[in-house]
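Bear in mind these aren't lab numbers, they're just calculated from the coordinates by the rules spelled out. These numbers come from a predicted model, not from an experiment.
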């Protein structure tokens with residue numbers, strides 16, 4: 001009788017072991033299918049990336065960009081007068097910061113009426129007419145002529161070369 005019970009227990013354990021092995025095999029199959037699907041997706045994404053890189057190469061072609069620039073942008077050639085040497089730049093930009101002030105933008109805005117030093121990229125100020133007051137203010141412009149715009153002030157804290 002003990003052998004019979006022992007045989008039934010062993011048969012039951014074998015059935016449970018077979019079911020457990022089947023479950024592991026099924027999960028492994030599901031995972032293998034998932035890995036295969038992910039590999040397929042990765043391959044498709046790599047193909048898309050390769051196609052996008054090829055398209056980028058076409059769009060980034062300098063000859064194509066030059067042709068588009070000539071067709072759509074009305075650019076003028078660079079004049080030799082647009083270049084200047086670094087020797088003509090001031091040693092330091094004008095100081096728009098008040099002592100104790102921590103706001104450089106506010107300092108620039110408060111001192112916009114001050115003229116910056118003339119550099120190669122800013123035209124020289126026009127001379128004041130003979131009848132101008134000696135306090136430094138320019139005389140009003142003659143009728144029909146416009147006064148030149150003031151130069152753009154330098155940015156404080158800019159690194160000089």
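Length gained on full extension, residue 38 to residue 54, computed as 0.36 nm times the residue gap minus the Cα-Cα distance: 3.3 nm.
At q = 0.11, 0.18, 0.24, 0.27 Å⁻¹, what log₁₀ I(q)/I(0) does a Debye calculation on the Cα points of the stretch 2-72 give, no solvent, two decimals? Listed by q, the Debye log ratios stand at -0.60, -0.83, -0.99, -1.06.
The spacing between the stretch 1-16 and the stretch 23-89, judged by their C-alpha centroids, is 67 Å.
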